[in-house]
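Engineer: What follows is a structure written as structure tokens; I'll ask about it next.
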Amino acid sequence: MNTIRPKNKEEILTEVKKEVEQCTLCALATTRTHTVFGEGNPDAVIMFIGEAPGEEEDRTGKPFVGKAGQLLTRILQSVHISREEVYIANMLKCRPPNNRTPKEEEMEACFPYLEAQIALVNPSIIVTLGSVSTSFLLQTKESISKLRGRWFEWRGGKKIFPMFHPSFLLRYESRAVGSPRYLTWMDIQEVKRVYDLLRETT
Ligand code: SF4
């Protein structure tokens, strides 16, 4: 007798990705080159959630591969976290024209895909990068400057930790105390501290 094997999470993530590739739920479907689903460790303890694909991401179909993505990689490397061990996604899977800010209706339309990714990967820590994903997930209008560097409980059991978006950091060279780059250096060390604690206790 043939038994039916339940699908594993990687298979389900691949199915959701295929669904995204066909998605026409919002107008961005008409202007995108590629959808950008997200990528990384399906068992990641940390998930990073940015805003939306940029030009390079739209061209390649991969998240955080442009200048901001390269900076994110360096931020992770500074605390010995590799991109392969985390999961990286965006609020939107398609690029808004000229990188404009995502509209509320676009985020509402796209959120079920991100929700599916969060449910499947099931990270303990969600780092929201920038004001768009932070405001949407925490349902707040508070500025990212006030929210970054703080832990928030989310949906009973997950921790959200907002940080500046790497594209914002690209505008500032200074690493002086209190600068966005300095604050991000403090923030990623805090993420690493809690990440290590979680891994020790699980
Ligand atoms: S942004 Fe999201 S909801 Fe809009 S078309 Fe792309 S995948 Fe679909």
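The values are calculated or read from the model by the stated rules, or taken from the named source; none is laboratory data. What you see is a predicted model; the values in this text were computed from it and never measured. Backbone-built Cβ (ideal geometry, glycine too); neighbour counts: all protein chains shown. Please note that ligands, DNA and RNA were not included when accessible areas were found on the heavy atoms of the full protein model with its side chains. Shrake-Rupley method; radii C 1.70, N 1.55, O 1.52, S 1.80 Å.
Engineer: For the chain, with a Gaussian network of springs between Cα atoms less than 10 Å apart, report the residue from ASN98, ASN41, ASN90 with the top mean-square fluctuation.
Structural biologist: So, out of ASN98, ASN41, ASN90, the one fluctuating most is ASN98.
Engineer: Rounded to the nearest 0.05, what FRET efficiency do TRP154 and THR3 give with R0 = 41 Å and r taken as the Cβ-Cβ distance? Could you check?
Structural biologist: In this case the efficiency is close to 0.65.
Engineer: Taking the chain as a Gaussian network, Cα atoms linked when under 10 Å apart, which of MET107, MET186, MET91 shows the biggest mean-square fluctuation?
Structural biologist: Among MET107, MET186, MET91, the largest GNM mean-square fluctuation belongs to MET186.
Engineer: Treating cross-link reach as a plain straight distance, find the lysines whose alpha-carbon is under 19 Å from the alpha-carbon of LYS18, omitting any fewer than eight places away in the same chain.
Structural biologist: Partners within reach: LYS7, LYS9, LYS62, LYS93.
Engineer: Here's another thing I want to ask about it. With a 1.4 Å probe and every protein chain left in place, work out the accessible area per residue of region 23-197 in Å², rounded to a whole number.
Structural biologist: Heavy-atom accessible area per residue stands at 46 Å².
Engineer: Quick check: at a probe of 1.4 Å, how many percent of the accessible area of the chain sits on carbon and sulfur atoms?
Structural biologist: Of the solvent-accessible surface of the chain, carbon and sulfur hold 51 percent.
Engineer: Please compute the length gained on full extension between VAL79 and LYS103, using 0.36 nm multiplied by the number of residues separating them and subtracting their Cα-Cα distance.
Structural biologist: 5.3 nm
Engineer: Once you have the Cα-Cα distance between GLN70 and VAL194, take 0.36 nm times their residue separation minus that, and quote the gain in nm to one decimal.
Structural biologist: Details: separation 124, 0.36 × 124 = 44.64 nm, distance 2.35 nm.
Answer, rounded to one decimal: 42.3 nm.
Engineer: Hey, what do the phi angles of region 3-10 turn into as Karplus ³J(HN,Hα) couplings, whole Hz, using 6.51/-1.76/1.60 and θ = phi - 60°, x for Gly and Pro?
Structural biologist: My calculation for region 3-10 gives 9, 9, 7, x, 6, 8, 5, 5 Hz in order.
Engineer: Separate question: Between region 136-189 and region 1-54, how many Å separate their Cα centres?
Structural biologist: 25 Å
Engineer: For the chain, modelled as a Gaussian network with Cα springs under 10 Å, which listed residue fluctuates most, GLY156, GLY69, GLY54?
Structural biologist: Judging by the Gaussian network model, the answer is GLY156.
Engineer: Return, for the Cα atoms of region 82-202, the radius of gyration and Dmax in Å, separated by a comma.
Structural biologist: 14.8, 44
Engineer: So, one more: Rounded to the nearest 5, what % of the DSSP beta bridges within the chain are antiparallel ones?
Structural biologist: Roughly 30 percent of the DSSP beta bridges within the chain come out antiparallel.
Engineer: What distance in nm separates the simple spin-label points at ASP43 and THR31, each placed 7 Å from Cα in the Cβ direction?
Structural biologist: Once both label points are built, they end up 4.1 nm from each other.
Engineer: In debye to the nearest 20, how big a dipole does the chain give about its Cα centre with +1 on each Lys and Arg Cβ and -1 on each Asp and Glu Cβ? Could the numbers behind the result be given before it?
Structural biologist: Working: 28 positive and 26 negative charges, 89 e Å.
In total the dipole reaches around 420 debye.
Engineer: Only sites in a loop by DSSP and with at most 11 other Cβ atoms within 10 Å count here; which trypsin sites (Lys or Arg not before Pro) in region 1-42 make the cut?
Structural biologist: LYS7
Engineer: Along Cα→Cβ, 7 Å out, is where each label goes; now give me the distance between the ones at LYS141 and ARG171 in nm to one decimal.
Structural biologist: 2.1 nm
Engineer: Given an 8 Å cut-off on Cα distances and at least 6 residues of separation, report the relative contact order of the chain as a percent. Mind showing how you got there, number by number?
Structural biologist: Details: 320 pairs, mean separation 43.7, N = 202.
Relative CO of the chain lands at 22 percent.
Engineer: What does the chain give for Rg and for Dmax, in Å, if only its C-alpha atoms count?
Structural biologist: For the chain, the Cα-based Rg and Dmax read 16.8, 68 Å.
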